[in-house]
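Just so it is clear, none of the values below were taken in a lab; they were calculated from the coordinates. Every value quoted in this text rests on a predicted model; they were computed, and no experiment measured them. Virtual Cβ from ideal backbone geometry, glycine too; neighbours counted across all protein chains shown.
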Amino acid sequence: MGALHGKVAIVTGAGQGVGRCHAELLAAEGAAVVVNDLGESADEVAAGIVAAGGRCVAQRGSVTDWSAAQALVQRAIDEFGDLDVLVNNAGFIRDGMSFSMEEQQFDSVVGVHLKGHFAPAHFAAVHWRNVAKEMGEGAVLPARRIIMTTSESGLFGGPAQSNYGSAKGGILTMTVVLARELSRYNVTVNCIAPRARTPMTQVNPKFAQPSEGFDKYDPANISPMVAFLASDAASEINAQTFIVLGDQVHRMRPTEIANSISGGGQKWTVEGLIAAKDEMFGGMPSGIPVWGGPPM
Ligand SMILES: NC(=O)c1ccc[n+]([C@@H]2O[C@H](COP(=O)([O-])OP(=O)(O)OC[C@H]3O[C@@H](n4cnc5c(N)ncnc54)[C@H](O)[C@@H]3O)[C@@H](O)[C@H]2O)c1
């Protein structure tokens, strides 16, 4: 029996790339899956999963459309009776340096990632809260999962991605906010930063498939971590972020204070901060941080 037997999952942006691999693996692990994407790619992926013996339907619609996000969650409930796992994955890039970026370029990328992650999460949360109310105080609530998708650009700040990087950074914060809010409904919310060869990245020759040996950037390498986080085995993992690529899983350290200085009960003065500058950094670098992601 698969790790997700009996679960109902939604994967957004699952018509291709990493999301498609997630949908296929979640279904292979026993989940009934709603495949979301903008157009017919969603139908094709769903048909493939059904042909392989899985339970799956397609639900077209944009994750940035509030009513489409509501319809997406409702489809899972209508079709399969409930919703257990929401994988927020849909997105795109429109890169440009800060001095070249246009308004639509900024708004569309921030919209698809930030609102596109929040809107389905909102309607999933509405459903889970309603179920909890119906079950009543003290009931053992079913385990629910949200898996969010950030990026190394969101973690470390990729140049030419002030739209994408800051939206993906916002997803890191949204992960923690949702985890804090929804743990009372037995929902965990975790986040992955994938790195894989997809239509989004395949222009970069470093992602090319090797002629032999392990295909490090096969997008299917990402999905086992998503299936694991979706499973009951991950019930105590919450508000965490992982970089996932190839055979690697890198757990990120949650944001923490690096060092503190105090004005001793008095407001700091500018002169005082100038004098305390070295103490503030405690010998640590004070410039642009080194890129923290694993090497290609
Ligand atoms: N591939 C990587 O190395 C990489 C790295 C970091 C982060 N990511 C993130 O992983 C996720 C998947 O990326 P991918 O590489 O598979 O990209 P992809 O372009 O192959 O797939 C993204 C899918 O999202 C869909 N989509 C776009 N806008 C949508 C909308 N409004 N509503 C519904 N679906 C929509 C697209 O149609 C597409 O099928 C994205 O969030 C991306 O930012 C990918």
Checklist entry - For the charge dipole of the stretch 8-251, defined by +1 on Lys and Arg C-beta atoms and -1 on Asp and Glu C-beta atoms about the Cα centroid, which residue among 93, 150, 38 has the Cα displaced farthest towards the positive pole? => result 150
Next on the checklist: Could you compute the net charge surrounding residue 228? Neighbours are other residues with a C-beta less than 12 Å from the C-beta of residue 228; K and R count +1, D and E count -1.
Outcome noted: -1
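Equivalent-ellipsoid semi-axes (√(5λ), Cα gyration tensor) for the stretch 156-296, whole Å, largest first?
Working: eigenvalues 257, 106, 35 Å².
Over the Cα atoms of the stretch 156-296, the semi-axes work out to 36, 23, 13 Å.
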Next on the checklist: If I model a spin label as a point 7 Å beyond the Cα along the Cα-Cβ vector, how far apart are those points for residue 135 and residue 183 in nm?
Outcome noted: 1.8
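Work out, step by step, the length gained on full extension between residue 274 and residue 100: first 0.36 nm times the residue separation, then minus their alpha carbon distance; give nm to one decimal. Walk me through the intermediate numbers first.
Numbers: separation 174, 0.36 × 174 = 62.64 nm, distance 3.53 nm.
Roughly 59.1 nm would be gained on extension.
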Checklist outcome for this item: Summing +1 per Lys or Arg and -1 per Asp or Glu among the other residues with Cβ less than 12 Å from residue 23's Cβ gives -2
Next on the checklist: Can you compute the modelled spin-label distance between residue 232 and residue 261, with each label point 7 Å from Cα toward Cβ, in nm?
Outcome noted: 5.4
Item to check | Two-site label geometry, residue 252 and residue 40: point separation in nm, points 7 Å out along Cα→Cβ | outcome: 3.8
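How much length is gained if the chain between residue 156 and residue 107 is pulled fully straight, taking 0.36 nm per residue apart and subtracting their Cα-Cα distance, in nm to one decimal?
Numbers: separation 49, 0.36 × 49 = 17.64 nm, distance 2.09 nm.
Answer, rounded to one decimal: 15.6 nm.
How do 21-34, 110-123 rank on mean C-beta neighbours within 10 Å, highest first? Working shown, then result.
Values: 21-34: 26.1, 110-123: 22.9.
Going from most to least packed, we get 21-34, 110-123.
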Checklist entry - Helix hunt in the chain: which complete DSSP H runs extend at least 20 Å axially by C-alpha with mean Kyte-Doolittle at least -0.5? => result 66-80, 116-135, 162-182
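Please report the antiparallel percentage of DSSP beta bridges with both residues in the stretch 8-251, rounded to the nearest 5. Let's see the in-between values first.
Details: 4 of 30 bridges.
Antiparallel: roughly 15 percent of the beta bridges in the stretch 8-251.
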Checklist entry - Roughly how large, in nm² to one decimal, is the mean projection of the convex hull of the alpha-carbon atoms in the chain? => result 20.0
Checklist entry - If one computes the Cα centroid of the stretch 144-189 and of the stretch 193-222, what distance in Å separates the two points? => result 23
